[in-house]
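The block underneath contains the structure these notes are about, expressed in structure tokens.
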Amino acid sequence: MPSVADLTPKSKPTWCPGCGDFAILAAVKNAISQLGLQKHEVMIASGIGCSSKLPHWVDVNGFHSIHGRGLPIITGIKLANHKLHCMVTGGDGDGVGIGTNHFIHAMRRNLDITYIMHDNQIYGLTKGQTSPTSEKGMHTKSTPFGVIEIPINPIGLAIVSGATFVAQGYSGNIKHLTELVKQGMQHRGFAFINVLQPCVTFNHVNTFEFFDSRVYNLQEENYDTTNKANAIIKSEEWGERIPIGVFYETRRSTYADELPQLKDQALVDQDISNINVEHIMEYLY
Amino acid sequence: MEVSEILNKLTWKLGGQAGFGIMSAGLVFSRTLSRHGLHVFDTTEHPSLIRGGHNTYFVRAEDEPVYSQIWPLDMLVALNKETIDLHKNELISGGCIIYDGDEIKIDQEGLGRQDIKLFPVSILKMAKDCGGTALMRNAAALGACMGVIEGDFNTFEQVFRDTYKKKGQEILDKNIEIAWKGFEYARNNYANQYDKKIQQIHGAPRRMLINGNTAICIGAIKAGLKFYAAYPMTPASSILHFLAGHEREFNIITKHTEDEIAAMNMIIGAGSAGVRSMVATSGGGFALMVEALSLAGMAEIPLVAVNVTRAGPSTGLPTRQEQSDLQFIMNSGHGEFPKIVVCPGDPEECFYETFRAFNLAEKYQLQVIILSDKYLADANLTYEKWDTSPLKIDRGKLLNKEDLDKMSGPLDYKAFEVTQDGVSPRALPGHPNSVHRRTGNEHDEHGVISEDKNNRLAQMDKRMRKLNGAEAELPEPILFGDSDADITIISWGSTKMPVRQAMKFMHDEGIKVNHLHILYALPFNTKKIKQILQGCKKTLLIEGNKTAQMGHLISAKTGIMPDHEYLKYNAEPFYPEEICDQVKKILNR
Ligand SMILES: Cc1ncc(C[n+]2csc(CCOP(=O)(O)OP(=O)(O)O)c2C)c(N)n1
Ligand code: SF4
């Protein structure tokens with residue numbers, strides 16, 4: 001079983017000191033280690049953004065792709081080799097900006113994948129523009145007079161799109177986040193974890209202090225994670241109190257479960273050395 | 001009236017409103033002629049409409065090889081009046097029109113063509129009398145055609161039953177009954193007035209009737225395709241339909257994705273995990289894929305992408321022909337990375353080149369783009385079954401479990417090792433000694449992001465070197481035809497079909513022509529092509545676009561601009577007759 005140290009490659013994160021991404025990296029490594037997974041059994045894909053560099057700093061298989069495309073990349077990987085434990089990390093711009101189409105469709109597909117969205121409500125890597133999750137009125141480099149739109153609600157969007165495990169974590173609580181990542185990875189189906197991840201450099205509104213005084217754990221209250229309608233209402237809660245924890249959990253067969261092509265063997269293990277096409281040619285007579 | 005017969009040479013066109021079964025009826029007729037032992041070429045024309053537009057299905061059959069459509073039309077089957085108005089002037093003198101005389105009232109005078117024969121058949125009434133639906137009049141129409149040309153009804157019946165197997169016995173029986181009525185009526189009333197006849201050739205080989213898209217599918221299946229992702233787009237969609245229909249039989253996953261961006265990224269994921277993967281689309285869809293194509297170039301992910309061109313720009317003429325994506329495809333993807341662009345010229349090349357594409361993609365860990373077009377996608381040609389015995393899967397430097405077991409640990413493995421041939425050893429995720437990361441950022445040999453200048457040079461040079469190996473193993477371009485020809489036709493892609501047909505005609509007339517078909521646009525074999533062109537007396541470039549895209553490529557690479565060019569961009573394929581005319585004009589014949 002790899003320890004957290006084993007999961008730490010030589011190259012060091014290039015994030016700003018104090019960035020909320022460090023906590024997510026720690027939680028991911030903790031979860032892999034605590035679940036007893038071997039390095040080669042895990043694959044992490046990502047898009048582009050500060051957050052999307054995470055795969056470079058966990059010593060498992062990784063695919064750091066392009067902006068917004070971590071989900072389709074992992075979809076292809078998972079279908080090719082469904083034995084791999086598959087995870088995606090990326091930012092809010094990546095997930096619900098440029099990648100929104102994939103976000104929705106990946107959830108209705110319900111592949112057995114864990115998706116961690118680093119929600120810092122800002123574009124970090126491109127140095128501080130508004131994001132789809134920025135609060136209305138927020139002043140950023142691309143919205144110097146304040147954001148006009150209302151933010152996307154990723155949790156609610158995930159629930160209505162068919163994700164079968166939907167949770168919210170917070171970079172200020174690594175222990176809780178580790179548990180969420182573990183639960184997400186153990187969940188059979190699409191697990192979405194939105195992580196409140198302060199960007200200490202460009203988001204001066206949604207800071208650690210901002211969240212510390214607001215977050216509370218749903219699981220410490222009398223909350224039913226199987227009630228979908230209630231979970232959607234809960235996902236709207238943003239103000240004096242901000243919920244973290246599991247919002248919604250359900251069971252549904254995964255996309256791969258419904259493919260007889262995968263019943264005996266992963267695609268990648270299937271022999272292609274001598275495929276016979278004579279009968280299809282015959283059929284065209 | 002007694003007529004002297006012309007045996008086993010026929011051109012035929014079925015026309016009518018979209019939504020009235022023109023395409024499937026045409027295919028039945030085409031297959032029927034093929035099963036008579038004839039060589040067949042067929043092609044369709046239809047607007048981008050589900051109902052209401054005008055559809056045609058053209059079939060040409062002969063007892064010697066055919067390569068494309070031709071202009072003169074022998075027999076026109078008109079399911080509506082519009083078909084007659086639009087196509088009567090394509091008919092040769094002595095040609096005939098088969099139509100429903102109860103619905104369409106015409107005479108030769110009104111037509112302005114005294115030299116064509118009118119064969120009215122009450123096809124709708126025949127269908128109704130047998131208790132059939134209006135759509136079943138197509139069976140009566142096809143039966144009538146068979147009657148006029150005195151073909152073998154049993155062969156027709158067998159094709160009909162094979163084609164519509166899924167419809168069930170009862171419906172099939174009814175259709176055959178209706179077809180027989182049409183057959184008998186036409187044979188008894190019109191056969192003796194018509195000179196063209198089709199006869200079963202005994203001992204002719206069994207031939208498949210296959211188009212470019214289907215050939216690509218079979219080539220891909222043979223090559224071990226395991227994952228296919230696509231978003232529907234004419235004229236590529238039939239690839240999706242065919243593969244989806246066969247996915248369980250061959251354990252292939254086909255995925256209709258949310259968009260083309262997803263399709264391309266999914267096959268990149270699947271390719272990185274080690275399965276042979278493909279996408280197919282048309283220009284607009286390909287435009288959405290190119291950002292990811294560039295990722296695949298940087299991360300060295302093998303994949304095969306098919307671009308089935310339609311007339312552009314933008315939505316253009318979605319169901320019609322053009323060869324206007326060559327430069328776009330060759331230059332697709334930002335930055336510089338090695339890729340291969342192959343332009344098959346007929347269904348047979350589609351099959352063999354698709355198979356080869358998968359080997360090339362894995363051997364050189366790069367992207368192979370198959371550039372096809374509407375004409376090639378949909379045109380059916382007859383071939384004897386293709387020989388698959390020489391086709392061997394080659395996965396290049398893919399490390400197997402034993403290779404990986406021998407390594408001391410994952411740091412031993414360099415996914416982007418700088419090698420002499422530019423190709424690095426390839427390991428798939430899933431083995432303890434192959435744990436590595438791929439990225440679209442510039443990276444070092446281990447896949448770690450690096451902006452070091454020397455590393456950049458080493459990695460860029462290594463990637464580009466891969467093309468040298470690929471180029472060396474590709475078939476050299478050749479001159480087809482007379483070695484001392486007076487003129488050389490240069491073309492690429494599907495234009496090969498009408499060019500080869502035109503060459504046959506010109507050969508019969510004693511004109512010496514040869515043909516340079518450029519199969520690989522990338523890597524472009526500059527040395528060989530230059531050598532060929534330098535030896536030509538005159539050259540004529542023929543391509544289906546406005547700006548002579550291949551012409552520019554040739555001149556950029558070889559410094560030689562073709563002497564003459566014949567470009568066509570009216571969204572219709574080339575006809576061999578117009579190619580002959582061009583050649584004759586240049587040669588003053
Ligand atoms: C197609 C494309 N458009 C734009 C960019 C530039 N870009 C890089 S990251 C990014 C957004 C970063 O924000 P987010 O996804 O939230 O991630 P973060 O950096 O905040 O972690 C943008 C716009 C790009 N890489 N690719
Ligand atoms: S810019 Fe923000 S999100 Fe990016 S590393 Fe710095 S603190 Fe983190």
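The values are calculated or read from the model by the stated rules, or taken from the named source; none is laboratory data. This structure is a prediction, so every number in the text was calculated from the model and none was measured. In this analysis, Cβ positions are derived from the backbone assuming ideal geometry, glycine residues included, and neighbour counts consider all displayed protein chains. Areas reflect the complete protein model, heavy atoms only, side chains present, ligands, DNA and RNA absent. Shrake-Rupley method; radii C 1.70, N 1.55, O 1.52, S 1.80 Å.
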>> Give me the residue from the stretch B:194-223 that is within 21 Å of B:PHE29 (Cα to Cα) and part of a helix (DSSP H, G or I) and, out of that set, most open to solvent (accessible area, probe 1.4 Å).
In response: B:THR214
>> Anything in the stretch B:247-274 that is open to solvent by 30 Å² or more (accessible area, probe 1.4 Å) and facing chain A (nearest Cβ under 9 Å)? List them, or say none.
In response: B:GLU247, B:ARG248, B:GLU249, B:ASN251, B:ILE261
> Taking the condition surrounded by 24 or more Cβ atoms within 10 Å (Cβ to Cβ) and either within 16 Å of the chain's Cα centre (by Cα) or more than 16 Å from ligand 1 (Cβ to nearest atom) (or both), does A:ASN61 pass?
Replying inline: yes
> Quick one: would you say B:GLY224 is in contact with a Lys or Arg (Cβ under 7 Å, 6 or more places away or on another chain) and of a type in the set (Gly, Ala, Ser)?
Replying inline: yes
> Does the stretch B:501-531 hold any residues that are in contact with a Gly (Cβ under 8 Å, 6 or more places away or on another chain) and touching a residue at least 60 places away in the same chain (Cβ under 8 Å), and which are they?
Replying inline: B:VAL513, B:HIS517, B:LEU519
> Mind checking which pairs have a first residue in the stretch A:260-285 that is touching a residue at least 60 places away in the same chain (Cβ under 8 Å) and facing chain B (nearest Cβ under 7 Å) and a second that is β-branched (Val, Ile, Thr) and part of a loop (DSSP other than H, G, I, E, B), Cβ under 7 Å, 6 or more apart or different chains?
Replying inline: A:LEU267/B:VAL275; A:VAL268/B:VAL275
> Just one of the numbered conditions (1) closer than 27 Å to B:TYR413 by Cβ; (2) free of Cβ contacts under 8 Å to residues at least 40 places away in the same chain; (3) more than 9 Å from ligand 1 (Cβ to nearest atom) is not true of A:LYS78; which one?
Replying inline: (2)
>> Among the residues of the stretch B:555-562, are any within 30 Å of B:ILE70 (Cβ to Cβ) and in contact (Cβ under 8 Å) with a residue 60 or more places away in the chain?
In response: yes
> So which residues in the stretch A:9-42 are within 14 Å of chain B (Cβ to nearest Cβ), within 16 Å of ligand 1 (Cβ to nearest atom) and open to solvent by 30 Å² or more (accessible area, probe 1.4 Å)?
Replying inline: A:PRO13, A:THR14
> Looking at the stretch B:379-398, which of its residues are open to solvent by 70 Å² or more (accessible area, probe 1.4 Å) and among the small types (Gly, Ala, Ser)?
Replying inline: B:SER389
> Residues of the stretch A:49-68 being more than 7 Å from chain B (Cβ to nearest Cβ), in contact with a helix residue (DSSP H, G or I) (Cβ under 7 Å, 6 or more places away or on another chain) and within 16 Å of ligand 2 (Cβ to nearest atom), which ones?
Replying inline: A:GLY49, A:CYS50, A:SER51, A:SER52, A:LEU54, A:TRP57, A:HIS67
> Does the stretch A:185-205 hold any residues that are within 16 Å of ligand 2 (Cβ to nearest atom), open to solvent by 10 Å² or more (accessible area, probe 1.4 Å) and either within 14 Å of chain B (Cβ to nearest Cβ) or closer than 29 Å to A:HIS105 by Cα (or both), and which are they?
Replying inline: A:CYS199
>> I'd like the full set of residues that are crowded, with 24+ Cβ neighbours inside 10 Å and within 9 Å of chain A (Cβ to nearest Cβ), limited to the stretch B:224-246.
In response: B:LEU225, B:LYS226, B:PHE227, B:ALA229
> Looking at the stretch B:399-430, which of its residues are touching a Pro at 6+ places or on another chain (Cβ under 9 Å), open to solvent by 20 Å² or more (accessible area, probe 1.4 Å) and within 11 Å of chain A (Cβ to nearest Cβ)?
Replying inline: B:PRO410
>> For the stretch A:186-230, give me each residue that is touching a strand residue (DSSP E or B) at 6+ places or on another chain (Cβ under 7 Å), under 30 Å from A:GLY36 (Cβ atoms), away from ligand 1 (no atom under 16 Å from the Cβ) and not in a loop (DSSP other than H, G, I, E, B).
In response: A:ALA191, A:VAL215, A:ASN217, A:LEU218, A:GLN219
>> With the requirement that a residue be hydrophobic (A, V, I, L, M, F, W, C), away from ligand 2 (no atom under 15 Å from the Cβ) and more than 14 Å from chain B (Cβ to nearest Cβ), what does the stretch A:104-146 give you?
In response: A:PHE145
>> I'd like to check something: does the stretch B:243-254 contain any residue that is hydroxyl-bearing (Ser, Thr, Tyr) and part of a loop (DSSP other than H, G, I, E, B)?
In response: no
> Inside the stretch A:90-115, can you point out the residues that are within 8 Å of ligand 1 (Cβ to nearest atom) and either in contact with a Lys or Arg (Cβ under 7 Å, 6 or more places away or on another chain) or within 11 Å of A:SER52 (Cβ to Cβ) (or both)?
Replying inline: A:GLY90, A:GLY91, A:GLY93, A:ASP94, A:GLY95
